[in-house]
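These notes concern the structure reproduced below.
Readers should treat all values here as calculations from the given coordinates under stated rules, not as data from a laboratory. Because the structure is predicted, anything quoted here is derived from the model rather than measured. Here Cβ is always computed from backbone atoms with ideal geometry, including for glycine, and neighbour counts include all displayed protein chains.
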Amino acid sequence: MPEERNIKHLPLSYEGRLTRRSLNKIDLVVIHCTELPDLEAAREYGEHIHHTTTRTGNSGHYYIDRNGSIESWVDPQRIAHHTRGYNERSIGIELVNNGRWPDWFRSDKQVLTDPYPPEQLAALVWLLGELRPRLGNLHWIAGHEQLDKEKVSASNASSRLVFRKRDPGPMFPWQQVLSSVTLVPFPEQAEAQ
Ligand SMILES: [Zn+2]
């Protein structure tokens, strides 16, 4: 029997202002982590207006808490801002995880150590299984760090460079997730930007 789960749709206040798209434009899912301690902090960040012309912010489509509960903040029919250069074709899934919080850009705090609990990973695999038949062209899966390799000055030493994005990071069990889904890792040559 299929696992019983549900997705709470809690749209961001600006969801209606995000650009519409046809679901067949989506061929990629990008895995993120929030780099924040909890879902509440992630929501606060997601609601923040970053793009003043469109009055929209940055967020994924789905958020998965550590206990495996799933929330939908942006409908897949809207383009969310989560991965520069890949938004139009992708779905963003955010896993609640500390990442480098609260020292994202400190050169001496670039090691990600917060584990992804089994409940959270099971919910991710379930969600990917749900999305696949709904989004007929969905084929690829990638981590945000793979698609954005920009470096920025470290917050503690401007002469040092650190990665702008490191999520979902080395704690994310790619082998385990890939063995449970039918999506294919995004090709390496496509990384060059
Ligand atoms: Zn990310």
* Structure fact -> Asserting the computed 222 nm helical MRE of the chain (DSSP H runs at least 4 long, -39500 (n - 2.57) per run, divided by residue count, to nearest 500) equals -5000 deg cm²/dmol
* To do: Would you mind calculating the relative contact order of region 7-185 from Cα pairs under 8 angstrom and at least 6 residues apart, reporting the percent as a whole number?
  => 27 percent
* **Potential extension, N24-R164 segment - 0.36 nm per residue separation minus Cα distance** => 47.4 nm
* Step through the residues of region 140-156 one at a time and calculate ³J(HN,Hα) from phi using the Karplus curve (6.51 cos²θ - 1.76 cosθ + 1.60, θ = phi - 60°), rounding each to whole Hz and writing x for Gly and Pro. => 9, 9, 8, x, 4, 4, 6, 9, 9, 10, 5, 10, 10, 5, 5, 6, 9
* Structure fact -> Taking region 7-185, the lysine pairs whose C-alpha atoms sit under 17 Å apart (8 or more places apart or on different chains) add up to 4
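Could you put T54, T113, T34 in order, starting from the residue whose Cβ has the fewest other Cβ atoms within 10 Å?
Numbers: T54 13, T113 10, T34 26.
The order, fewest Cβ neighbours first, is T113, T54, T34.
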* Structure fact -> At the level of C-alpha centres, the distance separating region 113-154 and region 27-71, in angstrom, is 13 Å
* Which one of S69, S59, S159 has the biggest mean-square fluctuation once the chain is modelled by GNM with Cα springs under 10 Å? -> S159
* How would you rank 23-29, 5-11, highest first, on the average number of other Cβ atoms within 10 Å across their residues? -> 23-29, 5-11
* To do: First select every other residue whose beta carbon is under 12 angstrom from the beta carbon of I31; then total the charges, Lys and Arg +1, Asp and Glu -1.
  => -2
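Go ahead and run the numbers for FRET between D75 and W101, Cβ-Cβ distance against an R0 of 25 Å, rounding to 0.05. Spell out each step's value before the answer.
Details: r = 28 Å, r/R0 = 1.10.
In this case the efficiency is close to 0.35.
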* Label-reachable residues, region 13-55, where backbone N falls under 15 Å from a point 7 Å from V184's Cα toward its Cβ -> 27-29
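How do E130, E4 line up, fewest other C-beta atoms within 10 Å first? Walk me through the numbers before you get to the answer.
On the way: E130 15, E4 6.
Listed from fewest to most nearby Cβ atoms, that is E4, E130.
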* Measuring from a point 7 Å past the Cα of V152 along Cα-to-C-beta, which residues in region 105-140 have an amide N at less than 20 Å? -> 105-113
